[in-house]
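Each value in this text was obtained by applying a stated rule to the coordinates, not by laboratory testing. No experiment lies behind these values; they were computed from the predicted model shown. Cβ placement follows ideal geometry from the backbone for every residue including glycine, while neighbour counts extend to all protein chains displayed.
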Amino acid sequence: MIFEIAIFGIAVGMSLYSRTRTFGFAFWVVAFVWIAYLRPEWFSEWFGWRLKGVVPSLIQLAMFGMGATLTLEDFARVLKMPKAVAIGCGLQYSVMPLVGWGLATMSGLPPEVAAGIILVGACPGGVSSNVITYLAKGNIALSVTMTACSTLLSPVMTPLAMKLLAGQLVEVDFWKMLWSIVTTVVLPIAGGLVVNRAIRWWGWSTDSAERMLSRLAMLAICLICAIIMADSRDALQSVGWILVLAVGIHNLAGYAFGYGISRLTGLNESESRTVAIEVGLQNGGMGATIASEVLKSTQAALASVIFAPWMNVSGSILASWWRARPTDDEDLKLTPTAQESTPR
């Protein structure tokens, strides 16, 4: 008990300390998942009620919180930066599902666990990507727009990717998955947009409401990951480090392909960082919910549960490294490393 309390204490301390406060969400996700692994009974059943049943409502809460921070202008920005958004969303629904399929094929994992790797790759961008982009000196407007657009595309693109790439591993009901995403993701986001619009129409300040809903969304994601981890701990112990390694490679491949292809296609440094983060960070909460509610498999949810804390930690590290480097392409050519490598 003392050890578990200490883990939460560390998360609280990291959230309050000025130098680590911006990474607070990553610490909280890791804390919840780790505690759920150590004490699964804490997140399995309360007063005879299985907590697994509340997962869809939690993802709806998280998506509503996300929608409340968006405006119609975020979607209109697609017209102002069509190239970057098209490249980002294209990579989101090509690189990540295909890399996931490759890892699932080579890993030798049980079919349902392997399908979960593909599933997390077929999900839209993660809700924490906007914060990570800010820390990395990326393009915040592009990040918000990409997250919104990839999420709105998910009712079609996620079931399609699963049907094509994971159909031989598990039974994939395209229409059932589509409807599940609409009800748990799209409609709550739309509700959040309406609330945001109403608040602005009345002339009220949205700062406090957005801050509160954002924190509720983060808490919901932490609880989703903890509940799924508690419910599938035994399955995780049977696959162990192989799945963790596959998830780590999957995440890093998203960063690498996102950044590399963005630069090759002419996007600037700031835009390329943003695309890399958007592609590398997935909506693990949505993946876990689909696995549990549509595929009816906690084993298929394992990859999403591991991906969520892993991506927040790796994303925070990447953002810290990028934050110390210039975002202007001309300045990048004049960094000490570049100067040292220039013949004299």
Notebook entry, point to check: Once you list every other residue whose beta carbon is under 12 Å from the beta carbon of Gln299, what net charge do they have if Lys and Arg are +1 and Asp and Glu are -1?
Noted result: -1
Next item on the list: Within 10 Å, count the other beta carbons around each residue, average over each peptide in 138-145, 298-305, 42-49, and list them highest first.
Entry: 298-305, 138-145, 42-49
Checklist line | Highest to lowest packing among 129-136, 79-86, scored as the average C-beta count within 10 Å | finding: 129-136, 79-86
Next item on the list: In Å³ and rounded to a whole number, note down the convex hull volume per residue for the Cα atoms of the stretch 55-326.
Entry: 113
Item checked: Taking the stretch 80-173 and dividing mean pair separation by its residue count, relative contact order in percent (alpha carbons under 8 Å, at least six apart) -> 34
Next item on the list: Could you tell me the number of lysine pairs in the stretch 55-326 with C-alpha atoms less than 23 Å from each other, where the two lysines are 8 or more residues apart or belong to different chains?
Entry: 5
